[in-house]
Every structure is written in C-alpha cells, then in structure tokens.
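What follows is a short report on a single structure.
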Amino acid sequence: MCDISFITKADDDELRGLLKDFPEVEYLIERINGLEAVLARLLREHRKDYITAINLFYEEVGQTMGFAFSMGLPGVLATTTMAPAVSLALMPHLQEVASHIASTTMARIDKDVVFQAVSPSRIRFMQAYSDELGRVLDQNTANKVTQVIASTLEQRGSVHDVIQALKDEPDFDRARARRIAITETLTAASVGDDEAYRQSPAVTGVEWLHSGGRKNKPRASHVALSGTQKGLNDFFDVEGELARYPRDTSLSAKQRINCHCTTTPVVDPNILGLSAEEKNAIRQGVIAQFE
C-alpha cells in the first residue's frame, strides 16, 4: 500500500522550493493541504454520484449502455453537480488566506499602519469568483464524463466498462485537487498582497517577482516579467493578457495554473518617514474610496 504521508511530505518539500520567495510559505502550504483534502473528497463524492446515477438509470431502462445513452442518460447526468459544494468550501478559504496575507504583508511594509479588514468590494469579488469556479469545475468534469462514456461506447463497452473508466479517470484524482488547491490558494495570496498594497500609504507600485525551482519549467514570459514594475492602478502585460498580479482571475488558465510567481511592493521612503497619524489619515482616505 502507498504511504500517503510520505507522498504528502515529498509534495510539500517540492512546494517549499517553488514558493521560496513567499514570506508565508509554511502558512500557505498548510492552507493548500487543507483545501486539497476538501476538494479531493468532493471529487470522490462527485464521481460516486455519477456512478450511482448511471447504475440507477441503466437498471431502469435495461438493454445496452448505448440504448441507455439514447434514452436520456445525458440529461440525467446533467443534474449531477458539485458547484454549490465547491463554492461553499472555496469562499471562506479565499477570504481567510487573503485576510491573513494582507495583514502580514502590511505589517512588513509599515508597522505603524495596521491591517483591519478586507474591503467589501474585494469580499464580493471573492464570492463571485468562488461561484464561477464551482461552475467551471462542474462543467469541465461533466465534459470529461461525457468523453469517457462516448469513448467506451465507441469500443462497444458495457456499463461496467464505463464505471471502471470513471474510477480510473484522472479528473477525479487527488492530483487534480492539489493542482486546484495550489492555484487558488496562491491566487488568494496575490489578492491579499494587492489589498495590502492598496491600503498601505507608502506603496506606490508593484514589482513582479518570478519564483520557482529548477524543475518547474517556468514560462519564459513570466521570467521576463521578473523585475518589471507598474503603478497600483496599472497592469502587467502577460503575453498580451492584462493582469494586476500573478494568477489574476482575468488571465487564461495557461497563465494561471502552475504559476508560482509573486510580487513585492514599491515603497516611497518619504511617506514611510511620516508620523503614524499622518500615514493612517492617508490610509483612511484610500479606504473611503474603495466603495
């Protein structure tokens, strides 16, 4: 039997190397592992729901798998969803990570200006994104299930062949759960950094920092961006796609998945030299504009 604790430790050690430029690396790994466990369970339950639906429908209509498919199996499977469960798990995770990172980032920038809360507009964004991601994962999984069934039917497979193929399908595996957990946890970290930069009076811009180990096969465009600076309200150009930070949800999947880049703030030393009262007055003025 495979020792899952050994695999998890190896994964975590590799991730430490990839996230070497993230100040909160141990916290992030802990949160990634937590979300991975939840998503892995949801994927297993989702596969079970598909298999149960197929078995029940097949028992009802009888004959061949092809006949069951023609009699409305796709419509039955279309009602199988995990989107609400994914959204319910993701929203508090994103908010907790973003809040924690915003707090620690602001503390590193200027101890006189203390983080209090994520802005309401950012909370609404994270809720909308959680809902959207749930729908996207749901649709991608449904597409894969349809492909598995179609491929099995082309080979004149039985209902048992379909079920076995679903049990073997990588889209329901732990590896997919981990990939999603890493991408979305690091996205939340980027959101937290961005929130901190905007609430910190001394921050005038953002610098992209490429991060990752030698085995990571980094994107050339992300490496080229390392050291590039922009204003707080400007965007990075990622191969023609605009982004406020690494893994920005406006980016395509090919620019987000397996990206381990981060950012660092560009700070005005003159503002850092102001009194705590002056800096907090500036911050309150910024926060008032969030809405």
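The values are calculated or read from the model by the stated rules, or taken from the named source; none is laboratory data. Not measured: the values here are computed from a predicted model. Reconstructed Cβ throughout: ideal geometry from the backbone, glycine too, with neighbour counts over all protein chains shown. Ligands, DNA and RNA are excluded from the accessible area calculation, which covers all protein heavy atoms including side chains. Shrake-Rupley method; radii C 1.70, N 1.55, O 1.52, S 1.80 Å.
What's the percent breakdown of Cα-Cα distances in the stretch 154-291 across 10 Å bins, shortest bin first?
Spelled out per bin, shortest first, that is 10, 31, 24, 17, 9, 5, 2, 1.
Distance check, please: which entries in LYS20/LYS111; LYS217/LYS254; LYS48/LYS254; LYS230/LYS254; LYS167/LYS254 exceed 19 angstrom between their Cα atoms?
Numbers: LYS20/LYS111 24 Å; LYS217/LYS254 13 Å; LYS48/LYS254 29 Å; LYS230/LYS254 22 Å; LYS167/LYS254 27 Å.
Where the Cα-Cα span goes over 19 Å, the pairs concerned are LYS20/LYS111; LYS48/LYS254; LYS230/LYS254; LYS167/LYS254.
Report D for the stretch 74-135 in µm² per second (integer): Stokes-Einstein, Kirkwood Rh on Cα pairs, 4 °C, 1.567 mPa s. If you can, show how the numbers build up before the last one.
On the way: Rh = 13.4 Å.
Result for D is 96 µm²/s.
What is the percent carbon and sulfur in the accessible area of the chain, measuring with a 1.4 Å probe over the protein chains and ignoring ligands? Write down the numbers at each step before the final one.
Working: 7940 of 14500 Å².
Looking at the chain in its full context, I get 55 percent from C and S.
Over all distinct alpha-carbon pairs, what is the Kirkwood Rh of the chain in angstrom? Can you show the working numbers first?
Values: mean 1/r = 0.0471 Å⁻¹.
After inverting the mean inverse Cα-Cα distance, the result is 21.2 Å.
Just in the stretch 83-129: which trypsin sites (Lys or Arg not before Pro) are loop by DSSP and have at most 14 other Cβ atoms within 10 Å? Mind dumping the intermediate values first?
Values: sites: ARG108, LYS111, ARG122, ARG124; in loops: LYS111.
For trypsin sites (Lys or Arg not before Pro) across the stretch 83-129 that sit outside H, G, I, E and B with at most 14 neighbouring Cβ atoms in 10 Å, the list reads LYS111.
In Å and from the alpha-carbon atoms only, list the Rg and Dmax of the stretch 4-134.
Both quantities, over Cα of the stretch 4-134: 21.3, 73 Å.
Among THR249, THR146, what's the order by accessible area (1.4 angstrom probe), most exposed first? Walk me through the numbers on the way to the answer.
Numbers: THR249 45, THR146 75 Å².
Ranked from most to least accessible, the order is THR146, THR249.
Does anything in the stretch 103-130 have its amide N under 16 Å from the 7 Å Cα→Cβ label point of ASN280, and if so which residues?
Once the point is set 7 Å along Cα→Cβ of ASN280, 107, 110-117 turn out to lie under 16 Å by backbone N, inside the stretch 103-130.
Taking Rh as the Kirkwood radius computed over C-alpha pairs, what is the Stokes-Einstein D of the stretch 228-291 at 20 °C in a medium of viscosity 1.002 mPa s, expressed in µm² per second?
Once the numbers are plugged in, D ends up at 150 µm²/s.
Between ASN270 and THR204, what length comes free when the chain is fully extended (0.36 nm per residue of separation minus the Cα-Cα distance, one decimal in nm)?
Values: separation 66, 0.36 × 66 = 23.76 nm, distance 1.13 nm.
Stretched out fully, the ASN270 to THR204 stretch lengthens by 22.6 nm.
Keeping all protein chains in place, calculate the accessible area per residue for the stretch 102-155 (probe 1.4 angstrom), answer in Å².
Working: 2800 Å² over 54 residues.
For the stretch 102-155, the solvent-accessible area averages 52 Å² per residue.
Pick out the long, greasy-scoring helices in the chain: whole DSSP H runs spanning 27 Å or more along their own axis by Cα, mean Kyte-Doolittle at least -1.0.
Values: long enough: 25-61 (53 Å, 0.00); 83-109 (38 Å, 0.69); 120-154 (51 Å, -0.39); 174-199 (37 Å, -0.65).
Those that clear 27 Å and a mean of -1.0 are 25-61, 83-109, 120-154, 174-199.
At 10 °C and a viscosity of 1.306 mPa s, what translational diffusion coefficient does Stokes-Einstein give for the stretch 105-196, taking Rh as the Kirkwood radius over Cα pairs? Give it in µm²/s as a whole number. It would help to have the intermediate numbers written out before the result.
Details: Rh = 16.5 Å.
Diffusion coefficient, whole number: 96 µm²/s.
Taking the Cβ of PRO92 as the centre, find all other residues whose Cβ is under 13 Å away and add up their charges (Lys, Arg: +1; Asp, Glu: -1). Could the numbers behind the result be given before it?
On the way: positive: ARG31; negative: GLU96, GLU184.
The answer is -1.
Using a Förster distance of 51 Å, how high is the FRET efficiency between ARG41 and SER250, based on the Cβ-Cβ distance and rounded to 0.05? Intermediate values should be presented prior to the final figure.
Details: r = 30 Å, r/R0 = 0.58.
The computed FRET efficiency comes out at 0.95.
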